[in-house]
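Just so you know, all these numbers are worked out from the coordinates, no wet-lab data involved. What you are looking at is a predicted structure, and each value in this text was computed from that prediction instead of being measured. For neighbour counting, all protein chains shown are included, and Cβ atoms are generated from backbone atoms with ideal geometry for every residue, glycine included.
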Amino acid sequence: MRPQTMKLSVLLAALVVAVAGCGEKKTAEAPASQVAAKVNGEAINAVTIESELARAGVKNSAQAQDAANRVLSALLEQRLFVQQAKKTGLEKEANVMQSLQAAERQVLAQAYLDKVTARAAKASDTEISDYYGKHPELFGERRIYRLQEIMIQVSPENAGAVKARLASGANLNDLVQWLKSQNIPARGVQSVKAAEQLPLELVARLHPLKDGQAITLEGPNLITILALTGSQSQPLSLEQAKAAIERFLLTAHKRDLAKAELDKLRAAAKIEYVAPYAEAKVAGHVASAPSASPAEPGAVEKALSGLK
């Protein structure tokens, strides 16, 4: 399925199941030239269709009218459902009211954040060049990694034995056989990933490795051995990476603005917690803020997704 078709399919599905509160609000009668259709006398405006097409990434092309007709069809279905829901009084039911109120809060919060972050400055050439130079693992020395992962489920009882076995320098085949003999669950996965498809903190650890070397990642109940079975150098020049870095840094600037605004609002607000609830310490959390931050896995991947 082509990307545009997939986007439109997702949009159509979302429109059909959307809650009543997210539809068009009643406004003054639109000029006839702006009305795309009427459902039981209720108008669907052309501007609504254009907005949904823009949100889905459908650009003006030979297929635009066909896409518009399909969006209109979905809006018609949505409007029929909304009208029937109102006839039966569903909007007055407690769970529906809660959903509508939650949707309204989300829309308003996001609209305010969009307004706050709209003033985010584009990255300068100096900033872009500096980011490029500080991340050779993503650009100038970028590699495609062939990886073998062995994920070992550990318990407090066997974690020490597993770590000791790893420290002994046993090769992967011997390690797997030992794990089987000890009835310690493990599974292996092979993958091929470009540098930007990996979390930044992970690619920073893989970058200095030579083919055949491995690193160990430890979690509460999982130990992962990540072996570099092979790699291929595919560097990106500053010119190739410039647009992607610019988008990435703009997103980072927006998150900084959102975080600063949240800190300001929290400082000025009177917030009272009622037991057993208390303030949660969540580092770097900004509700509804732009999703790609420099520390998040996949953020650079999204920014670089158009590069080859």
Quiz prompt | Length added when fully stretched, residue 277-residue 243, from 0.36 nm per residue minus Cα-Cα | solution = 7.8 nm
Quiz item: What FRET efficiency do you get for residue 42 and residue 101 if R0 is 22 Å and r is their Cβ-Cβ distance, rounded to the nearest 0.05?
Solution: 0.40
Quiz item: In the structure displayed, which of 122/270; 115/193; 115/264 lie more than 26 Å apart, Cα to Cα?
Solution: 122/270; 115/193
Quiz prompt | Quarter of Cα convex hull surface for the range 143-233, i.e. mean projection, nm² | solution = 5.8
Practice problem: Given the peptides 274-280, 76-82, 131-137, arrange them by the average over their residues of other C-beta atoms within 10 Å, most packed first. | Solution: 76-82, 131-137, 274-280
Quiz item: How much net charge surrounds residue 146 when only the other residues with a Cβ under 14 Å from the Cβ of residue 146 are counted, with Lys and Arg +1 and Asp and Glu -1?
Solution: +1
Quiz item: Taking a spot 7 Å from the Cα of residue 269 along the direction of its beta carbon, which residues of the range 99-120 have an amide N less than 20 Å from it?
Solution: 99-118
Quiz item: Using a simple spin-label model with points 7 Å from Cα along the Cα→Cβ vector, what separation in nm is obtained for residue 168 and residue 112?
Solution: 6.0
Quiz item: Can you put 97, 151 in order, fewest other beta carbons within 10 Å first?
Solution: 97, 151
Quiz prompt | Sorted by Cβ neighbour density within 10 Å, fewest at the top, the residues 251, 216 | solution = 216, 251
Self-check item: Cα principal axis extents for the range 41-115, largest first, Å
Solution: 46, 34, 17
Quiz item: So, in Å, what gap is there between the alpha-carbon centers of the range 122-152 and the range 180-246?
Solution: 12
Practice problem: Can you pull the one-decimal nm distance between simple spin-label points at residue 233 and residue 54, each 7 Å off the Cα toward Cβ? | Solution: 4.6
